[in-house]
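Beneath this line is the structure, given in structure tokens, with notes to follow.
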Amino acid sequence: MQDETRECLDKQSGSHSCEGYVTGRESESGTGTIIYRCAVGHRKAAARHAEIRERYPDSSIAPDWFDPTYAGERWDEDD
Ligand SMILES: [Zn+2]
């Protein structure tokens, strides 16, 4: 479904250059929330979510309580 009055969720943050129609899609986290993003935004969100799911199969995102300074642990171990 297309709703041209909506803006891409990520437009404010400028994390990508918006392209295509802004459409509502169910949140990747499966909460049932409808997220409005442009085509690029949806693609990036899906890719990011897939990557997180692959890395942390039991935990989709770093929990709120996660403190990277605690015990010298890091959630993201890219480097
Ligand atoms: Zn966008």
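I want to confirm something. Restricting to segment 1-10 and keeping residues that are out of contact with any helix residue (DSSP H, G or I) (no Cβ under 8 Å at 6 or more places or on another chain) and not hydrophobic (A, V, I, L, M, F, W, C), which single residue is least open to solvent (accessible area, probe 1.4 Å)?
To start, the set of residues in segment 1-10 that are out of contact with any helix residue (DSSP H, G or I) (no Cβ under 8 Å at 6 or more places or on another chain) comprises 1-7.
Those left that are additionally not hydrophobic (A, V, I, L, M, F, W, C): 2-7.
Numbers: Gln2: 89, Asp3: 39, Glu4: 146, Thr5: 122, Arg6: 110, Glu7: 103 Å².
So the residue we want is Asp3.
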Which pairs turn up if I take residues in segment 6-19 that are more than 8 Å from the ligand (Cβ to nearest atom) and look for partners that are β-branched (Val, Ile, Thr) and open to solvent by 100 Å² or more (accessible area, probe 1.4 Å) with beta carbon separation below 6 Å, at least 6 apart in sequence or on another chain? none
Tally the residues that are within 11 Å of the ligand (Cβ to nearest atom) and either open to solvent by less than 30 Å² (accessible area, probe 1.4 Å) or on the phi > 0 side of the Ramachandran plot (or both), restricting the search to segment 22-51. 6
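The values are calculated or read from the model by the stated rules, or taken from the named source; none is laboratory data. Keep in mind the model is a prediction, meaning the values are calculated, not measured. Glycine also receives a Cβ, built like all others from the backbone with ideal geometry; neighbour counts cover every protein chain displayed. We work out accessible area using only protein heavy atoms, side chains counted, and drop any ligands, DNA or RNA first. Shrake-Rupley method; radii C 1.70, N 1.55, O 1.52, S 1.80 Å.
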